[in-house]
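Heads up: the structure comes next, in C-alpha cells.
Quick note: the coordinates plus some simple rules give every number you see, no bench work behind them. Since the structure is predicted, the reported quantities are computational estimates derived from the model, not experimental observations. As a convention, Cβ positions derive from the backbone with ideal geometry for all residues, glycine included, and neighbour counts pool all protein chains shown.
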Amino acid sequence: MGLPIDQFVAATNVNNVVPDFLNGAKFEAISSVATISNSMDVGNPSNFPRLLALYGGDEKALRN
C-alpha cells in the first residue's frame, strides 16, 4: 500500500496458541487466560482458519 515498513514486530501473552503453532506445535484451541492485555486474551482465534485457508490448508507453508 506504499507504506515503507522495514520490519514487523508481533507480541503475545500467555494466550499463545498461534505462536506455539508457528513454532511447530499442533493448533489446539485453549480456554483464554485473563491478563492485563485483555485484547490479546484469545485462546481460539476466530481468524486462524481463514489465515490457514489463505495457504490452502498447508500448515508448513503458513509456518514458513
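Filtering segment 1-26 to residues that are within 10 Å of the chain's Cα centre (by Cα), within 18 Å of ASN64 (Cβ to Cβ) and assigned to a loop (DSSP other than H, G, I, E, B) leaves only ALA10. For segment 4-18, the condition holds for no residue, the condition being that it is in contact with a Lys or Arg (Cβ under 9 Å, 6 or more places away or on another chain) and either basic (Lys, Arg) or surrounded by 10 or more Cβ atoms within 10 Å (Cβ to Cβ) (or both).
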